[in-house]
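Asker: Can you read through this structure? Questions will come right after.
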Amino acid sequence: MNASSDTIFALSSGRPPAAIAVVRVSGPQAGAALEALIGKIPEPRRAALARLRDPDNQEIIDEGLALWFPGPRSETGEDTAELQLHGGRAVIASVLAALGRIEGCRLAEAGEFTRRAFENGRLDLTRVEGLADLIGAETEAQRRQAFRQMRGLLGDRAEAWRTAIIEALALVEARIDFPDEGDVPEDLIRPALVRAKELRDEITQALADQRRGERLREGLVVAIAGPPNAGKSSLLNRLARRDAAIVSPLAGTTRDVIEVHLDLDGFPVTLLDTAGIRDSLDPVEQEGVRRARERAGGADLVLWVMDASTGGEIPGDAIAQEFPNNAKWIIWNKTDLVSTLRIKSLRSIIHKIEYPSYFISALDDSGFDEFMPALVNHARTFLGSTEPALVTRDRHRRALASALGALDRALQERPPIREEVLAEELRLAATALGRLVGRVDVEDILDVIFRDFCIGK
Ligand code: GDP
């Protein structure tokens, strides 16, 4: 895995026009690119005022700051240059075009800077994922978790586990290599087994986290469901405080699943409007219904909206049938249309059903002072706000489970212990952890991981 000999460049800041644009260059020609554009190489890691010229005709393009990070002490591990310019489209186009004319320089692909950092050993794979999550983080809780991961919370731990397994493996292999050294056998195998057991316990503990980390990455998924016209879209809009869904007096206008991302007191919540869930003969609508059902079926919480003004039976069985595996709340909407007496009588019957109930009006906002704190509380409990999770992706979980399986099998060996079996299982455990941090055998997963990155990162 050597760094490619190409020098790459890209606009690393956001979409122009903007006050400032950051253009990064990484690779063996980064220094030459600086020479060509600003006529000098600044002191390492120090911002220098620079006048950028078109290398072909020496016309000034812009004035800005230039930074020089010689490898390997740079983000990518290669020679890296960074230009901070005015963020106008023409400025950026002109600088990128000038860079493109320099021998050996080309535009970077999505995630290529980070990929080089990984390939040069500057970041392990869990840190790369943490970085991707940090860029994607929408709430405080997600940002914190991503930042920890980027700083190596899981990566360092996995690396330490891997080292310990390799040490245990070395003991077993020593035993295999020198079977006849009378006084060593048990002294080699026993400490190897003790270490394997410690590791098994630690990994087991890391995995017993109720998927906290993955949950926080994905957010609490809340489906809004219920009969047509109950006010599902209105509730979604009220929660999102913007017109995300079509609110219409006609039944069945919201055909697809509408998804809104919310920041609820620092916790990420994805709201799904499933207003389209109702039986229909129209094939287009049927497909919408199918998708809505599928998506809502996986929700962590279902808000079943009822029209309090039309009354009707509480369809407890229907709700349970439709959402067998989800937490469910009943939201009585349109309380502005009904008398306090009716609300009282509704309240008196709801204790018979097992779901928490809330009385609101999406129109005049009443009832939200009770409903919203309950929702925030639910998100906090569900996503867990206390201990940081080591495992934040399914990939991590699978790698750890695979290491754990190998350790389990290793520890099932009873005297007379088959040393070859023990060594092989330890090797498998080390490989699983090596894959987790990206040390071994990961070519097949890299494209998936770096696909999430934008160009310039
Ligand atoms: P959906 O089909 O369940 O998504 O229902 P909508 O949100 O489209 O609402 C259906 C109709 O009920 C619309 O005309 C809304 O303006 C109205 N509506 C929704 N919530 C309330 C409410 O709290 N009070 C009153 N009076 N009308 C509401």
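Asker: So, Asp369, is that one more than 16 Å from the ligand (Cβ to nearest atom), on the phi < 0 side of the Ramachandran plot, in a helix (DSSP H, G or I) and open to solvent by 50 Å² or more (accessible area, probe 1.4 Å) or not?
Answerer: no
Asker: Would you check which residues across the stretch 106-130 are open to solvent by less than 30 Å² (accessible area, probe 1.4 Å) and of a type outside the set (Asp, Glu) and list them?
Answerer: Hits for the stretch 106-130 are Ala108, Gly111, Phe113, Thr114, Arg116, Ala117, Phe118, Leu125, Thr126, Val128, Gly130.
Asker: May I ask you to verify whether Ala230 is within 10 Å of the ligand (Cβ to nearest atom), in a loop (DSSP other than H, G, I, E, B), modelled with pLDDT under 85 and not charged (D, E, K, R)?
Answerer: So Ala230 does not fit the description; no.
Asker: Going by the structure shown, is Asp273 among the acidic types (Asp, Glu) and at pLDDT 85 or above?
Answerer: no
Asker: Before we move on, is Arg241 more than 26 Å from the chain's Cα centre (by Cα), among the basic types (Lys, Arg), at pLDDT below 90 and open to solvent by 60 Å² or more (accessible area, probe 1.4 Å)? Even if it seems obvious, please write down each step before you answer.
Answerer: Numbers: more than 26 Å from the chain's Cα centre (by Cα): no; among the basic types (Lys, Arg): yes; at pLDDT below 90: yes; open to solvent by 60 Å² or more (accessible area, probe 1.4 Å): yes.
Answer is no for this residue.
Asker: Kindly indicate whether any position in the stretch 90-105 is surrounded by 16 or more Cβ atoms within 10 Å (Cβ to Cβ) and closer than 26 Å to Leu446 by Cα.
Answerer: Yes, there is a match, as at least one residue in the stretch 90-105 is surrounded by 16 or more Cβ atoms within 10 Å (Cβ to Cβ) and closer than 26 Å to Leu446 by Cα.
Asker: To continue, here is another question. Need pairs with beta-carbon distance below 7 Å; first residue within 15 Å of Val421 (Cα to Cα) and within the stretch 150-176, second open to solvent by less than 40 Å² (accessible area, probe 1.4 Å) and among the β-branched types (Val, Ile, Thr); sequence gap 6+ or separate chains.
Answerer: Val172/Ile189; Arg175/Ile189
Asker: Out of Arg73, Arg51, Arg143, Arg122, report the one residue that is in contact with a Leu (Cβ under 8 Å, 6 or more places away or on another chain) and charged (D, E, K, R). Give the derivation first.
Answerer: On the way: Arg73 fails: in contact with a Leu (Cβ under 8 Å, 6 or more places away or on another chain); Arg51 fails: in contact with a Leu (Cβ under 8 Å, 6 or more places away or on another chain); Arg122 fails: in contact with a Leu (Cβ under 8 Å, 6 or more places away or on another chain).
That would be Arg143, the only listed residue that is in contact with a Leu (Cβ under 8 Å, 6 or more places away or on another chain) and charged (D, E, K, R).
Asker: Hey, another quick one. What are the residues in the stretch 340-366 that are part of a loop (DSSP other than H, G, I, E, B) and either in contact with a Cys (Cβ under 7 Å, 6 or more places away or on another chain) or over 14 Å from Asp307 (Cα atoms) (or both), if any? Spell out the reasoning first.
Answerer: Keep residues of the stretch 340-366 that are part of a loop (DSSP other than H, G, I, E, B), which gives 351-356, 360-366.
Answer for the stretch 340-366, where residues must be part of a loop (DSSP other than H, G, I, E, B) and either in contact with a Cys (Cβ under 7 Å, 6 or more places away or on another chain) or over 14 Å from Asp307 (Cα atoms) (or both): His351, Lys352, Ile353, Glu354, Tyr355, Pro356, Asp364, Asp365, Ser366.
Asker: Kindly list the number of the only condition in (1) of a type outside the set (A, V, I, L, M, F, W, C); (2) near the ligand (Cβ under 10 Å from one of its atoms); (3) exposed (fewer than 15 other Cβ atoms within 10 Å of the Cβ) that fails for Asp336.
Answerer: Among (1) of a type outside the set (A, V, I, L, M, F, W, C); (2) near the ligand (Cβ under 10 Å from one of its atoms); (3) exposed (fewer than 15 other Cβ atoms within 10 Å of the Cβ), the lone unmet condition for Asp336 is (3).
Asker: With respect to Arg293, determine if the residue is open to solvent by 40 Å² or more (accessible area, probe 1.4 Å), more than 30 Å from Arg162 (Cβ to Cβ) and over 32 Å from the mean Cα position of the chain (by Cα). First the steps, then the outcome.
Answerer: On the way: open to solvent by 40 Å² or more (accessible area, probe 1.4 Å): yes; more than 30 Å from Arg162 (Cβ to Cβ): yes; over 32 Å from the mean Cα position of the chain (by Cα): no.
Taking the combined requirement at face value, the residue does not satisfy it.
Asker: Can you tell me which of Val194, Val221, Val260 is of a type in the set (Val, Ile, Thr), touching an Asp or Glu at 6+ places or on another chain (Cβ under 7 Å), at pLDDT 80 or above and more than 9 Å from the ligand (Cβ to nearest atom)?
Answerer: Val221
Asker: Next up: What number of residues within the stretch 301-326 satisfy the criterion of being surrounded by fewer than 15 Cβ atoms within 10 Å (Cβ to Cβ) and under 26 Å from Leu383 (Cβ atoms)?
Answerer: Qualifying residue count for the region: 3.
Asker: Do the conditions hold for Arg278, that is, is it within 13 Å of the ligand (Cβ to nearest atom), within 34 Å of the chain's Cα centre (by Cα), modelled with pLDDT under 85 and open to solvent by 50 Å² or more (accessible area, probe 1.4 Å)?
Answerer: Numbers: within 13 Å of the ligand (Cβ to nearest atom): yes; within 34 Å of the chain's Cα centre (by Cα): yes; modelled with pLDDT under 85: yes; open to solvent by 50 Å² or more (accessible area, probe 1.4 Å): yes.
Against the criterion (within 13 Å of the ligand (Cβ to nearest atom), within 34 Å of the chain's Cα centre (by Cα), modelled with pLDDT under 85 and open to solvent by 50 Å² or more (accessible area, probe 1.4 Å)), Arg278 qualifies.
Asker: Additional query: When you scan the stretch 296-322, how many residues do you find that are more than 13 Å from the ligand (Cβ to nearest atom) and either under 21 Å from Phe359 (Cβ atoms) or in contact with a Ser or Thr (Cβ under 7 Å, 6 or more places away or on another chain) (or both)?
Answerer: 11
The values are calculated or read from the model by the stated rules, or taken from the named source; none is laboratory data. In this text, all values refer to a predicted model and were calculated from it rather than measured experimentally. All Cβ positions, glycine included, derive from the backbone under ideal geometry; neighbour counts span all protein chains shown. SASA here: full protein model, heavy atoms, side chains in, ligands and nucleic acids out. Shrake-Rupley method; radii C 1.70, N 1.55, O 1.52, S 1.80 Å.
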